[in-house]
Amino acid sequence: MALPLPDGGYRTFRDHLSADEWHDLLRVGARVDFEPGGALLEEGDDGDHVLVLLSGACQIVGARLDQGRALLAVRWAGDVIGEQADLDQQPRSASAYALSKCSARLLRGTEFAAFIRRRRLDRQLTRYVSAKLRSNSSMVAELAGLSVKSKVAWLLCRLAAADEVDRFVQLSQRELADLLGMSRTSVAASLSDFRALGLLRTESHGVQVLKIDALRAEINPPEHM
């Protein structure tokens with residue numbers, strides 16, 4: 001599996017633009033900064049602004065019927081988030097939380113739309129939004145074919161990749177379990193196995209990944225598949 005993210009075939013919004021178009025976009029709006037765990041977007045809010053990620057990474061999560069949260073995607077510097085709610089004028093369908101320190105450019109929906117029109121980037125935006133949807137579907141398919149232990153390793157690798165310096169995942173075992181739709185007991189057992197191998201260290205406020213390459217090697221489908 002192509003980890004850490006972004007995958008080789010995935011292109012951020014920045015990748016769809018020329019250098020001149022990207023720098024023009026960054027002249028619009030205002031800079032905002034987020035600490036790890038900070039909310040960039042909240043599900044259900046009005047979609048009146050768009051965020052262009054400049055650095056760091058964030059997780060996109062949606063509410064489940066059982067009141068938990070499901071991981072939908074991880075977005076990186078160069079990505080745009082919040083554009084879907086602005087395009088269809090509907091409340092936000094997911095939340096975004098910083099996985100590391102993040103900086104972004106905040107644009108009002110009208111500012112983003114004006115930039116797209118002025119630069120004639122409708123086709124590029126459509127391709128980008130379509131690519132994000134395909135990426136989300138691919139992630140769901142990847143998870144469906146993994147064992148419980150592999151799912152935990154997969155999630156930790158994805159999230160730790162957002163913190164290139166410390167490889168720290170600032171989520172509790174309960175929160176990790178919620179994102180995977182698993183029991184806390186199952187997650188705790190997997191973490192215990194990985195800890196015994198020296199791949200990570202569990203702390204009161206998160207998980208410290210020590211050997212991300214070795215942890216990545218633990219991502220394998222069930223033997224019967």
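Which of the peptides 30-37, 12-19, 69-76 is most tightly packed, and how do the rest follow, judged by the mean count of other Cβ atoms within 10 Å per residue? If you can, show how the numbers build up before the last one.
On the way: 30-37: 14.1, 12-19: 17.0, 69-76: 20.9.
Ranked by mean Cβ neighbours within 10 Å, highest first: 69-76, 12-19, 30-37.
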Query - Whole-Hz couplings from phi, Karplus 6.51/-1.76/1.60, listed for the stretch 42-53; x for Gly and Pro - result: 10, 4, x, 5, 5, x, 9, 8, 10, 10, 9, 6
Requested in this report: Determine, for the chain, the count of lysine pairs separated by eight or more sequence positions (or lying on different chains) whose alpha-carbon distance falls under 22 Å.
Outcome: 4
**Report entry** Principal-axis tilt of helix 184-196 within the chain, Cα atoms, nearest 10 degrees
**Finding:** 70
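State whether the stretch 146-216 is rounded, prolate or oblate according to the following rule on the C-alpha gyration tensor (a ≥ b ≥ c being the square roots of its eigenvalues): a/c under 1.5 gives rounded; otherwise a/b larger than b/c gives prolate, and the remaining case gives oblate. Please list the in-between numbers first.
Details: a/c = 1.41, a/b = 1.28, b/c = 1.10.
Note, shape of the stretch 146-216 comes out rounded.
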**Report entry** Rounded tilt (10° steps) of 109-119 against the dominant C-alpha axis of the chain
**Finding:** 70
Query raised in the report: Measuring from centroid to centroid over Cα atoms, what is the spacing of the stretch 58-134 and the stretch 172-186 in Å?
Result: 25
Query raised in the report: Over the chain, what relative contact order in percent results from Cα pairs under 8 Å that are six or more residues apart?
Result: 22
Report task. Could you pull the Cα extents of the chain along its three principal axes, largest to smallest, in whole Å? Result -> 56, 34, 34
Report summary line: Computed over the chain: longest principal axis from alpha-carbon atoms vs helix 122-144 long axis, angle to nearest 10 degrees, is 10
Query raised in the report: From the phi of every residue in the stretch 102-107, what ³J(HN,Hα) in whole Hz does the Karplus formula 6.51 cos²θ - 1.76 cosθ + 1.60 yield, where θ is phi - 60° and glycine or proline is x?
Result: 10, 10, 8, 9, 9, 10
Query raised in the report: In percent, what relative contact order does the stretch 14-142 have, based on Cα pairs under 8 Å that are 6 or more apart in sequence?
Result: 35
Query raised in the report: With each pseudo-label sitting 7 Å past Cα toward Cβ, what's the VAL140-ARG119 distance in nm, one decimal?
Result: 3.0
Query - Amide proton proximity set for ALA57, modelled H, under 5 Å, gap of 5+ - result: LEU99, SER100
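Provide the FRET efficiency to the nearest 0.05 for the ALA189-ALA217 pair, computing r from the beta carbons and using R0 = 25 Å.
It comes out at approximately 0.85.
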Query raised in the report: Got a sec to turn the phi values of the stretch 23-40 into Karplus ³J(HN,Hα) couplings, 6.51 cos²θ - 1.76 cosθ + 1.60 with θ = phi - 60°, whole Hz, x for Gly and Pro?
Result: 5, 5, 4, 6, 8, 9, x, 9, 7, 9, 10, 9, 8, x, x, x, 8, 7
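Every read-out reported here was derived from the displayed coordinates using simple, explicitly stated rules and does not represent laboratory data. Everything numeric here is computed off the predicted structure, so don't read it as measured data. Every residue, glycine among them, receives a Cβ derived from its backbone with ideal geometry; neighbour counts consider all protein chains shown.
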